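Colleague: Just dropping this structure here.
What follows draws every value from the coordinates through simple rules; no lab data is involved. Since this is a predicted model, take the numbers as computed values, not measurements.
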Amino acid sequence: MEQLITRDMTIAEILKVNSNLAAVLESVGMHCVGCAASLDETLEVAVMVHNIDLNNLLTRLNILANALAGK
């Protein structure tokens, strides 16, 4: 699995990879995909704020990103 999404990306950068990744973020309670913090806050910081497991979320995001990219 190629890793497209990394811990140091902002939510906005993740959504630029594919806007459908918002569904994964929202499914774990991160409804900040449209808030101002999504422009500056890294995924690593956002998961700490929301008490979400970073590695699990990265795995889920990258599985979907790779599938959507046809990899």
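Colleague: Kindly express, to the nearest 10 degrees and within the range 0 to 90, the angle between helix 54-68's C-alpha long axis and the longest C-alpha principal axis of the chain.
Modeller: Taking the Cα atoms of the chain, the angle to 54-68 is about 40 degrees.
Colleague: Could you work out the equivalent-ellipsoid semi-axes for the chain, taking the square root of 5 times each eigenvalue of the Cα gyration tensor, largest first, in whole Å?
Modeller: 18, 13, 11
Colleague: Please report the relative contact order for the chain, taking Cα pairs under 8 Å with a sequence separation of at least 6, and give it as a percent rounded to a whole number.
Modeller: That works out to 49 percent.
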